[in-house]
Structures are given as C-alpha cells and as structure tokens.
1. Go through the range 97-119 and count every residue that is out of contact with any Asp or Glu (no Cβ under 8 Å at 6 or more places or on another chain), open to solvent by less than 40 Å² (accessible area, probe 1.4 Å) and either acidic (Asp, Glu) or more than 17 Å from Tyr50 (Cα to Cα) (or both).
2. Of all residues in the range 112-126, which are assigned to a helix (DSSP H, G or I) and on the phi < 0 side of the Ramachandran plot?
3. Working only within the range 86-111, note down all residues that are out of contact with any strand residue (DSSP E or B) (no Cβ under 9 Å at 6 or more places or on another chain) and part of a strand (DSSP E or B).
4. Mind listing whichever residues of the range 1-47 are open to solvent by less than 60 Å² (accessible area, probe 1.4 Å), in a helix (DSSP H, G or I) and modelled with pLDDT of 95 or more?
5. Quickly run through the range 52-85 and pick out the residues that are open to solvent by 60 Å² or more (accessible area, probe 1.4 Å) and either in a loop (DSSP other than H, G, I, E, B) or under 12 Å from Ile114 (Cβ atoms) (or both).
Amino acid sequence: MNKLLLLLASALLSANAFAGAFPDISLADLKADIAAKKVTLLDVNGPVSYANGHIPGAIDFTAHTADLAKVLPKDKNSLIVAYCGNEHCGAYARAAEAAQKLGYTNVQHFKPGIAGWKEANEPTEK
C-alpha cells in the first residue's frame, strides 16, 4: 500500500512539474490574439469533447498528433496556445511539449481550459 501511495505521489508531482513549464495566457489576451488572428490553438480534450464544442479555430491535437507540423504555422515564433479541460488539467502539456519539440518558441497555456472559456460565456464551435 505504501508503494502505491509513493507511486501516486510521484505521478502527481511529475504532472505538476509540467503545470508551470509554459506561461499562462489570460482570457483577455487570448481573446485579443484570436481577434487579431495571432494565435494557433491546440485543444487536448480528445475527439468527443472537441466535437461537443471547442474554442473557435482550435485544432484537435489528438486528431493531428502525427501530422502536427503540417497544421502549425511555418513561423516558429508564432503564438501557440494549448488548453485542456479546466485549471486542474495538465494534459495540455502534451501539445505544448510537442509544439516546443518542433521548434516553436512562443508556446503558452490557457489554464482555465474549455470549462473556463464556457464559464466566461465565450462562444464555442462544433
């Protein structure tokens, strides 16, 4: 039992280590960047959630994991924002890290995720 608790604690600490690895972007800044067409959004919530509603213009990361380089901008300094379900979700790090590994230097995290977007009464697209 102690080994299981230790393993669980290690997993949680590892997940939290990724939580601060990318800077957070505020709702206001994200909305401004979307309006100015200065951002590429990566939705990490999976195909079912994506189909049920995502931030307009977002790319379904799960559907494009293998060909991510093809759907991201050519400019490696472009703003890439990854998000997942809510502020407690760390899954966004998969997409953020994938973009970073492809050489993108301006990768950020929308911490509130799709739940925060909806709570702010922002529109979604299906």
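The values are calculated or read from the model by the stated rules, or taken from the named source; none is laboratory data. Worth saying up front: this structure is predicted, and the values here are computed from it rather than measured. Note that each Cβ is placed from the backbone with ideal geometry, even for glycine, and that neighbours are counted across all protein chains shown. What goes into the accessible areas is simple: the full protein's heavy atoms, side chains included, and nothing from ligands, DNA or RNA. Shrake-Rupley method; radii C 1.70, N 1.55, O 1.52, S 1.80 Å.
1. 5
2. So the first thing to find is which residues in the range 112-126 are assigned to a helix (DSSP H, G or I), and the list is 113-119.
Ile114, Ala115, Gly116, Trp117, Lys118, Glu119 - these are the residues of the range 112-126 that are assigned to a helix (DSSP H, G or I) and on the phi < 0 side of the Ramachandran plot.
3. none
4. Hits for the range 1-47 are Leu27, Leu30, Ala32, Asp33, Ile34.
5. Matches in the range 52-85: Asn52, Thr65, Ala66, Lys74, Asp75, Lys76, Asn77.
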